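I have placed the structure first, in the form of structure tokens, so that the comments after it can refer back to it.
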Amino acid sequence: MGGGAFILIGALVLSMSDDLPFGTLASPGAGMMPKLVIGAMLAFGLVLLARARGGPALAAIAWDDFPHAVRLIAITAACVAVYTWLGFIITMSLLLFGLTCVVERKPIISAALFSLGVTGFAYGLFRVALKSPLPQGVLWF
Amino acid sequence: MLFYAFLGCIVGTLVGILPGIGPLAGISILLPVTFGLDATKAIIMLAGIYYGSQYGGSTTSILMRIPGEAASVMTCIDGYAMAQKGRAGAALSIAAVGSFVAGTFGVVMLTLVAPPLAGLALRFGPPEYTALLVLGLVLLAYMSSTSLVRTMLMAAVGLLLGCIGIDVMSGHFRYSFDIKELGDGIGIVPVAVGLFGLGEILSTPSATVTQKVVSPRLRELLPNASEWRLSALPIARGSVLGFFVGIVPGSAHIIASFLSYAVEKRVSRTPEAFGHGAVAGVAGPESANNSASTGAFVPMLALGLPTGPVTAVLMAALLIHGIPPGPQLVSEHPDVFWGFIASMYVGNLMLLALNLPLVGLFVSVLRIPYAYLYPLIVMFCIIGVYEVSHAIVDVWIMLIMGAVGYLLRKFDFDPAPLVLGLVIAPTFELSLRQSLVMSGGDWLIFFQRPIAVTLLALCAGLLVLAAVALLRKDWRGRLARAQASGEEA
């Protein structure tokens, strides 16, 4: 499975490398290094595919943590998407609330208090104390 | 300077104690905090986090049988067994003293070895650097805990990611998809934080993390005379073994602790005691992993060659501060080099003084429920990555790399070589192309210069050894299958 995936990725990247000139050995072009690395990747992928028993089979892998991982990524991605638009305080409060309340099923009140408290502390630490330019968003905070 | 060493040690100890945040994720997340500092203070603080985490990792191993970071796995076995027998305090003390002795030995060796090695490296031209980087990759693959092919595949992915951005020699845009932020290439920080910080959190559902915290009292911390006697030689052996393993690329501090445990068991008069609370099973591996983490700084400082993902991120930190690590570091930035080494002497002493009396305080951090702790880490990952470049693209890269890290763990791939490949990619490409231009396209340039040919001969030797081991493993597997089918018949 792993070997096949890397062969596919290698072939895909190779197809995107048409506009990169390989050059000559005396004058290597921008495409030389990527194409050499893709060649190595395809070769190693083929070896891995040929020795497929070395890795775990897809069915043998425990996927019980997969729903947790998907929920976590979905909430984080949603917050990243609005981070620069809504600003630090709103986005981080929503992120922490989403992870503690929606993913971890903690009570709404304690999740809300935790989210606001931690975001306030982080804002004080990074924006006020360390003068880091956090994204301000449409509401200027 | 002392304050930043102290801060690094404290944060490092906490990073080592908390399961799920290794030194790499800790350093990557806190890297942006150092942007306001000068290079010397920044590297002192970040290095403090690294070796501080080696001290902290033993605490949870001994008290809870949870390795705070991978190198502490071996300490779990006998450290926890000692704790079960009521000797938790003694195990913690032996681990701390062993770490101190080994850390100090490592720094003394670093002081002696790094400057002459840097002097030698000044003779290196592009062909020598190309050969050195190839040797680094081959050594990494050879020493890796997963298979050689898988490690090389990961390193290739890292090298390919390192090709993204503007080609410095021709000005071509490569794989940047019209995203202007990708013109400078993919940053190490988003990749490292994604693969190791977020990836680890995705692989650790909160339901699987339990917190049963026991903290020993201060008066129980002193080992008895017999325990001191039994730990002296393992500490000495672990210190020497760890330093030399640390110089070799790969997850040196992890390999060093495993090797040390095997050595101690082999030389012990009572090997049957291992696994049931053997003092040497704590003293040896703990000393070895600390000495190895110091040894890893030798190639980083003297040659500009990262031996693992942690030194790769530390190198990135120096580069961000405008200091190129490598042979010129000692002569051109002596304040950074010697300030860093001096801080390590003091840092080791600080950690010894801090770790034992404050062990109760440190383990109390583990009382924070994981369901509240990991959202905090996710938030710090986002802040940390965004603060490096103020580009939201980097946060997306971190998120994608988090998902990639999760899948790589599932399919038994080690993500560390990927980061290493990404770090060395620009130097590797530049030195390879410069070598070819210098020779007018003649590959023989790598075989005509004594240093380069020696390094390449070492690579060939290692590859032959690895191929022999692979064939032998295949042959044994075939033999075992044939025997099993014969017995069935």
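Quick look at the numbers
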| quantity | calculated |
| --- | --- |
| Residue in segment B:132-164 that is nearest to the other protein chains (Cβ to nearest Cβ), counting only those that are surrounded by fewer than 20 Cβ atoms within 10 Å (Cβ to Cβ) and not in a helix (DSSP H, G or I) | B:Thr146 |
| A:Trp63 vs. criteria out of contact with any strand residue (DSSP E or B) (no Cβ under 6 Å at 6 or more places or on another chain), modelled with pLDDT of 90 or more and surrounded by fewer than 16 Cβ atoms within 10 Å (Cβ to Cβ) | no |
| Any hit, segment B:72-83, residues being over 23 Å from the mean Cα position of the chain (by Cα), at pLDDT 80 or above and aromatic (Phe, Trp, Tyr) | yes |
| Qualifying positions in segment B:392-420 - assigned to a loop (DSSP other than H, G, I, E, B) and buried (at least 21 other Cβ atoms within 10 Å of the Cβ) | B:Phe413, B:Pro415 |
| Exclusive hit being closer than 22 Å to B:Ile17 by Cα, buried (at least 20 other Cβ atoms within 10 Å of the Cβ) and more than 14 Å from chain A (Cβ to nearest Cβ), set B:Ala302, B:Ala283 | B:Ala283 |
| Checking B:Ile382 against (1) of a type outside the set (Asp, Glu); (2) under 15 Å from B:Leu46 (Cα atoms); (3) at pLDDT 80 or above, the condition it does not meet | (2) |
| Test: residue in segment A:83-91 that is more than 9 Å from every other protein chain (Cβ to nearest Cβ), without any contact (Cβ under 8 Å) to a residue 24 or more places away in the chain and among the aromatic types (Phe, Trp, Tyr) | no |
| Selection status of B:Val423, of a type in the set (Val, Ile, Thr), more than 9 Å from chain A (Cβ to nearest Cβ) and either surrounded by fewer than 19 Cβ atoms within 10 Å (Cβ to Cβ) or in contact with a helix residue (DSSP H, G or I) (Cβ under 8 Å, 6 or more places away or on another chain) (or both) | yes |
| Criterion (surrounded by 14 or more Cβ atoms within 10 Å (Cβ to Cβ), more than 7 Å from chain B (Cβ to nearest Cβ) and either assigned to a helix (DSSP H, G or I) or free of Cβ contacts under 8 Å to residues at least 24 places away in the same chain (or both)) met by exactly one of A:Ala111, A:Ala77 | A:Ala111 |
| The lone exception for B:Ile235 - which of (1) on the phi < 0 side of the Ramachandran plot; (2) at pLDDT below 80 it fails | (2) |
| Residue in segment A:48-56 that is surrounded by 14 or more Cβ atoms within 10 Å (Cβ to Cβ) and within 30 Å of B:Ser431 (Cα to Cα) present | yes |
| Segment B:309-351: number of residues that are outside any helix (DSSP H, G or I) and either surrounded by fewer than 24 Cβ atoms within 10 Å (Cβ to Cβ) or in contact with a His (Cβ under 8 Å, 6 or more places away or on another chain) (or both) | 7 |
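The values are calculated or read from the model by the stated rules, or taken from the named source; none is laboratory data. Please read these numbers as outputs of a predicted model, since none were measured by experiment. A quick note on method: Cβ atoms are made from the backbone with ideal geometry, for glycine too, and the neighbour counts reach across all protein chains shown.
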